[in-house]
Every structure is written in structure tokens, then in C-alpha cells.
Amino acid sequence: MEAREERAVQKRQVLFLCVFLGMSWAGAEPLRYFVAEETERGTFLANIANDLDLGVEELSARGSRIVLDQNIRFLLLNPLTGDLLLNEKLDREKLCGPTEPCVLPFQLLLEKPFEIHRAELQVTDINDHSPVFLDREISLKISESATPGATFLLESAQDLDVGTNSLSNYTISPNAYFHVNVHDGGAGNIFPELVLDQVLDHEELPDFTLTLKALDGDSPPRSGTVLVRILVVDINDNAPEFVQSLYKVQVPENTPVGSLVVTVSARDLDTGSNAEIFYTLLYATERILKTFQINSTSGNLLLKAELNYEAIPTYTLTIQAKDGGGLSGKCTVVVEVTDVNDNPPELFMSSLRSQIAENSPETVIAVFRIRDRDSGNNGKMVCSIQDNLPFILKPSVENFYTLVTEGPLDRESTSQYNITITVSDLGTPRLQTEHSISVQVSDVNDNAPAFTHTSYTLRVRENNSPGLHIGSVSATDRDAGTNAQLTYSLLPPPEPHLALASLVAIDADSGQLFALRPLDYEALQALEFRVGAADRGSPALSSQALVRLLVLDANDNSPFVLYPMQNASAPCTELLPRAAEPGYLLTKVVAVDGDSGQNAWLSYQLLKATEPGLFSVWPHNGEVRTARLLSERDAPKHRLLVLVRDNGEPPLSASVTLHVLLVDGFSQPYLPLPEAAAEQGRGDALTLHLVVALASVSSLFLLCVLVFVAVQLCRRSRPASLSGCAVPQGHFPGHLVDVSGAGTLSHSYQYEVCLTGGSERNEFKFFKPILPNFQGHSPGSEMEEKLNYRNDLGFNIQLK
């Protein structure tokens, strides 16, 4: 109920608005302009800008245009100067016929803002038509009994001009029997009447011919002539008389051709041929003769052509009844054409905007005018569009309407609207006209790119080839055109020291990711970075996604033996008491692998031994133990070759050589190996030479030391600790290396690792290991080992 009341209130508001606009329009005086017919095309009529008190620039900027009711465009507006020009020659008689004045209404439409000014062009007549008689000769039969003063009606001439240029007078050629009187027939028409001056004598003058001249009112006047042939007949003293002097009839405009309009009837009291009556149309214009015809004997007025209420609503005909003796009478027939709903409404588009940007506020799409040539309810119209569209129709003055958007449009929801404007009248049956327009919604960059995933996880195996395609990211944009064209890029990492651009590259068009150089799992296990997708709109919109790159390990590192060291200056010798029990822990081979996972699983194997059955190596922890009791027959020294192999595919391995010396107890002095004694003998021979050489370079060495100390003192500003460890940034997360027994070792070993600074070659130092008690050691015995190793990269590793 509330919705109905609200709609009723809205209808009353629209009605009040239309009444207000109509009253304001009616009060405005239209602009009037004049032009003579047949004026040449391009003739200047007026300056619209001056008449409206507008500047020429303002007139052009406001989108001025001429809206015409006629199908012909007889006016032209120059928007640059504001001049109103004649677009073609005008024929007043063709446009308006006998109507005077001849006024052609038009409207001046200003679109920005919307404003309409009424105007009219009055076409003035020039004398370009002469009076014309429809017949070349008029025949009159006049009884000789006619008395002076008798009058005889003559056929009138036709002049298409109006006003002073129209028909104004008739004259008759000089004669002794007749003169012409001119009578005003109303509506600006005049008719000639022949007046008898003296009695005719059939025997003296049975017939003669006169010339009737029709003159218009111009100076000099144009004229037209017709011959009047007079036949003098014997006496006929009764003229025909019509039953009615005036006939009025209403005929619908859709009456079929050939239908009976009315029947007129006249009587004549004479007899014989003088009583025979013949009916004709008198004073008929060319238009009447094309529309009606009368049966000369019956008096039936028939329809000869289709009627059109909108063109001529009323016809006035004069019908003459003439008997055989030449006497005549006349009556008037008024035919009123009644309107039927035979004209569908018409729609005239004045302005149309076929494209609109999305998100635009209320915008005028079209300005149009509707018209129905019918009258009454047949001419009343309603205008509407589909209900499910975001557009509304706003009525204006003079049946003008504006089609505007109801709110901002969204191209991503609907990119095109097909609007059908329906105009229907209120006649019976209702007639309607439909006009379809298409409105394209152009794109605005209002949607940011969206990645298909918020994060991507990519995997690549280490030691990849440079330029390897490692994966892709993809984003979409709901916009269109350049607003949907995306460009991918790598976003700067939050860590400024991470050279992301040297590791990964992205194709700006496809979003494919490439590894620029081989990756090393041991140096970089995972890499997180962000990628961005930006469209090419203005302003550009963008979004980003997280990419997690996981480097997969490859078996590219051989096992590295930490103990015993293989590049020491002197071979490592392990002492084995002869009283050792089976399973005695001689030593332990300690190795690590730079790989991870199963590539770092190490196994140990005794590859070669001097006495194969005397020693065994545990495959999982590298412990070297005795396999049996020692005897006196066992050699005092043994050499063991231990193989360390990882579990990669293919497996990589390393070997280490152990020297074992059998002793009776740890209190026995250390006996050097025979190889070491031989080497010592050869060294004694060189001692003398070395002493001499050392003495010669002593002074030079002392000088170099002094210079070196001076340089170091100058560099005191650069912090360096000789006793501590300076860890380069970003290389080691902590200072402890834990070799857990969960891997390849049965016991846990923990070393303190330091990278010394101030040295051109980096050194790793492992301090204070926590070693488990070896099986077979006697209580209170201590085992202290020191292992120095410098590898090819210049690292110094110390085990204490």
C-alpha cells in the first residue's frame, strides 16, 4: 500500500513538473524570422548568437543544433559563427498551400546544459503563379427571355499565390450584352458573375463568344483567360432548386475509395428537356477534383481518393444543378473528415551518445522528440523503455525527452546495453513505434590485477644450467584493452644485500621465471621473493604474490675427512697396546658431507689392512676397533686404508690412511717409524746448509717484520681480533658445529668454529671438542689430539 502511495506521489510530481514546464514554455515568445519563397540557398537569415545574447564560443560549446518538424532540412546553423542560413529554396505553395501566413516552426536545441528555444520561419509569398482556369472554354445557355440584370455564374480561376498576389479581379471582353460582377465567396475566394445588360434575341444572335480574364493583385498583374461561349435558347422560366441549400456530412478518414459521401437532390418545375437536371462540381479546386466526383444524373457524391484528416480536415464543395434549358441552381456540401488512429507515433532523435565511460555519474545518453499526427486520444502518447536497465526517461517541454543513466555503470558486469524506446498512443487500437539504440560502456582502469595464487612454491635442483625455466606466475585483470595488459616484475627484496636480480629473472610479458646462474644447495637452500603484476592503465594498478623457491640437493660433494687429517706434515700414528682386548677402540674416523638428506648419509669400510683380520671398522660411525687379541707374531706397525662413502646417486667417496704402532704400554717411549728415521738422517745432512742460508736471510726477515708491524699499526682503525673470531656477515648463522651421532657418528662431537679476520685466507678453527670416553681406555687416561689441516681453499681447521 505504501509503495502505491509513493508511486502516486511520484506521478503527481512528474505531472506538476510537466505543467510548470508547459506554462513556462507557453509564456516564452518564439524567435521569428522571415524569408521570401524561392530565395537562393545559403542566404543569411539571422545570427542566433546575437538573438540569444550568447557569445559565438558559448553557442558552439553548448552543442547547439536545429530541430525541424519537416522531413526536409530547410535551415542550417553554422556553429562557428552562429549564422542561420537557408539550406534550400522554399516553395511556399508546396509547403503551405492556401494557408496564410506560411509559418514553419522549428526548435533551437542547446545540449550543455539542456535548453530549448522555440522559433519559426515565415515564408512570404512572391507572385510566381498566374491565375489559371481549369477549362479552356465555358459554355452558357441563356434563354432569350432573360431580363436585363439576370446573373449567370461562371467558373472561377485558380491562383496558388496568396495575399495581394492572389486572384483579385475579373474582366470581360467589351460587348453590348454583358458585364462582370465579382463576388467574395469567403476564405479569400472571389467568383465571377456574368450580368445581362440587355435582352438577348435568339433569332438575331443565336450564339457568340466572350473572353473572361482573371487578374491578380500584383503590379503589373498576372492574368489568365478563358473563352465564354454563350448560346441563346428559347424560354425556360424555372431554374432547378436543391432540396437543401447546405449539406453537412462527417466521413472517417479511413473511408474506402469509391464510397458514397452524400446524395444531393434538386427539382425543376419545367417539363421536358428543361426539367432534365445535371449535377456538376462548381468552383472546384484541383485538390477537390482529385478527391471527389459526382454522378451527373443521380447527384451521388463519391470518394475518388483517400482522405487524410491530418492534411485537410474539412472540404467545402459547391454543387450546381443545371436543367436542359440552361438554368441552374447551387448548394453547398461541407465534408468534415473525422480522425481515426491511423498514424503511429514518430520519434525524432536529436542527440545520441553511443559510448559512455564506466563509473560516470548521471549522463545524458540521448535527446529525442516524439510526435503523433492524430488528434484527441489518438494523438496522446506515452514513452517507455525496458524495466531491467539502469536508465531512466525524463520528460521535457514540447514532447522532448532525455535518456539518462540512473547511476554509474560497470563494464565488467555489462559492456553493452541495447535500449528499446517504445512510444505508443492512446487510440483504439493502440499504435506504437519502437526505436532501438546501442550504448557501449568503455573501460576504466578500476580493477587491479589478481594472481591465480597468493603464493607459489617452485623447486629446482642445484647445479642447474643458466637460464633454466623454473616455473611461471600468472595474473588476470577484469579490465579490457591496455587496462588488462599486464607487466610482470621482480619486487625489491627486503634484505638489501640479497642480489635477487643476479639469481632470478622474470619475463615481463608471460610471467615465466628463469634461474640466471647455477644454484648451490649448500649455499642457498631456499629463496623467498615477491613478484608484481601491473597493468598499463592510467593510473596503473598492481598486485603482488609471494614466490618460494626451494633448491633441491644433488650429490655434488664428496665426504670430507676431518680426522685423521690427510695433508698433515707428518703422518698420524695411532698407538695400540699389545694387551688390548678384542673390541678395543683404537681411533675413530670423523667425516662430514656438505650435502643433505641421504646424500649426506656416510658409511665406513676397511678397504685395505696390513693384517686383515686384526682390525674392523664400524660402518655407521667410523670407529676402528680390534677384532681379536694381539700376539707376539703380529707386526709392530700396521697400515689401514679406510673408505668413506655417501648414500647419493651416484655415490661419492673419500679414503683415509691410518698408521698403527703396537706398543707394550703407553709409558714406552715413542719409537719413530723407520721411514721417519730415514728422513731424519737425510735431514741432518742438510742442517748445515740450512743454518748458513738462515743466517743470510735473518737480517732481511727482521726488516720485513718491522715493516709489517708498522703497516698493521696504521690499520688499527679496522677492527681485527687476533685472539678472537670475526665472523663475516651472512656466512655462518652460529659459532658451533654439531656432528651428531644421529647421522654417521655414534657419539656427539661439538666444536667451536671461528673464522679469523685480518687474514687473506679464511681459517676455520674448531676448539674444545667434547669427546666421549673411548672404550678400552683405562680410568684416568686422557687422550688429547691436535689436528691441523689447511685445504685447497685456504681454510685452517684445528681440532683440540
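Going residue by residue through region 249-266, is there one that turns out to be of a type in the set (A, V, I, L, M), in contact with a Cys (Cβ under 8 Å, 6 or more places away or on another chain) and in contact (Cβ under 8 Å) with a residue 40 or more places away in the chain? Yes; the residues of region 249-266 include at least one that is of a type in the set (A, V, I, L, M), in contact with a Cys (Cβ under 8 Å, 6 or more places away or on another chain) and in contact (Cβ under 8 Å) with a residue 40 or more places away in the chain. Taking the numbered list (1) modelled with pLDDT of 90 or more; (2) touching a strand residue (DSSP E or B) at 6+ places or on another chain (Cβ under 7 Å) in turn, Leu205 passes all entries but (1). Scanning region 509-555 for residues that are open to solvent by 60 Å² or more (accessible area, probe 1.4 Å), acidic (Asp, Glu) and over 25 Å from the mean Cα position of the chain (by Cα) yields Asp520, Glu528. Might you let me know whether region 215-226 holds any residue that is loosely packed, with under 15 Cβ neighbours inside 10 Å, assigned to a strand (DSSP E or B) and either at pLDDT below 90 or among the β-branched types (Val, Ile, Thr) (or both)? No, region 215-226 contains no residue that is loosely packed, with under 15 Cβ neighbours inside 10 Å, assigned to a strand (DSSP E or B) and either at pLDDT below 90 or among the β-branched types (Val, Ile, Thr) (or both).
Each row is one residue, and each column tells you yes or no for (1) open to solvent by less than 20 Å² (accessible area, probe 1.4 Å); (2) more than 26 Å from the chain's Cα centre (by Cα).
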{"position": "Phe391", "(1), (2)": "yes, no"}
{"position": "Glu398", "(1), (2)": "no, yes"}
{"position": "Tyr401", "(1), (2)": "no, yes"}
{"position": "Val404", "(1), (2)": "yes, no"}
{"position": "Leu409", "(1), (2)": "yes, no"}
{"position": "Ser413", "(1), (2)": "no, no"}
{"position": "Ile419", "(1), (2)": "yes, no"}
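When Asp197 is tested against (1) within 29 Å of Cys331 (Cα to Cα); (2) open to solvent by less than 40 Å² (accessible area, probe 1.4 Å); (3) acidic (Asp, Glu), only condition (2) is not met. Within region 311-327, restricting attention to residues that are assigned to a loop (DSSP other than H, G, I, E, B) and open to solvent by 50 Å² or more (accessible area, probe 1.4 Å), the residue that is nearest to Ser384 (Cα to Cα) is Ala311. Go through the residues of region 541-548 one by one and say whether even a single one is touching a helix residue (DSSP H, G or I) at 6+ places or on another chain (Cβ under 7 Å), closer than 30 Å to Ala515 by Cα and either at pLDDT 90 or above or not charged (D, E, K, R) (or both). No, region 541-548 contains no residue that is touching a helix residue (DSSP H, G or I) at 6+ places or on another chain (Cβ under 7 Å), closer than 30 Å to Ala515 by Cα and either at pLDDT 90 or above or not charged (D, E, K, R) (or both). Against the criterion of being part of a loop (DSSP other than H, G, I, E, B) and surrounded by fewer than 18 Cβ atoms within 10 Å (Cβ to Cβ), Glu306 qualifies.
Any chance region 380-387 includes a residue that's in contact with a strand residue (DSSP E or B) (Cβ under 8 Å, 6 or more places away or on another chain), in a strand (DSSP E or B), of a type in the set (S, T, N, Q) and surrounded by fewer than 17 Cβ atoms within 10 Å (Cβ to Cβ)? Yes, the conditions are met somewhere in region 380-387.
On the stretch given as region 84-106, residues that are closer than 16 Å to Ile66 by Cβ, in contact (Cβ under 8 Å) with a residue 40 or more places away in the chain and not acidic (Asp, Glu) total 7. Residues of region 362-374 that are at pLDDT 90 or above and either under 17 Å from Gly427 (Cα atoms) or not in a strand (DSSP E or B) (or both): Thr363, Ile370, Arg371, Asp372. Taken over region 328-357, the criterion of being buried (at least 16 other Cβ atoms within 10 Å of the Cβ), in a loop (DSSP other than H, G, I, E, B) and touching a Ser or Thr at 6+ places or on another chain (Cβ under 7 Å) is satisfied by Asp339, Asn341, Pro344, Pro345.
If I filter region 626-636 for residues that are open to solvent by 10 Å² or more (accessible area, probe 1.4 Å) and in a strand (DSSP E or B), do I get at least one hit? Checked region 626-636: no residue is open to solvent by 10 Å² or more (accessible area, probe 1.4 Å) and in a strand (DSSP E or B).
The values are calculated or read from the model by the stated rules, or taken from the named source; none is laboratory data. Small disclaimer: the values here were computed from a predicted structure and weren't measured. For neighbour counting, all protein chains shown are included, and Cβ atoms are generated from backbone atoms with ideal geometry for every residue, glycine included. For accessibility, only protein heavy atoms count, side chains too; no ligands or nucleic acids. Shrake-Rupley method; radii C 1.70, N 1.55, O 1.52, S 1.80 Å.
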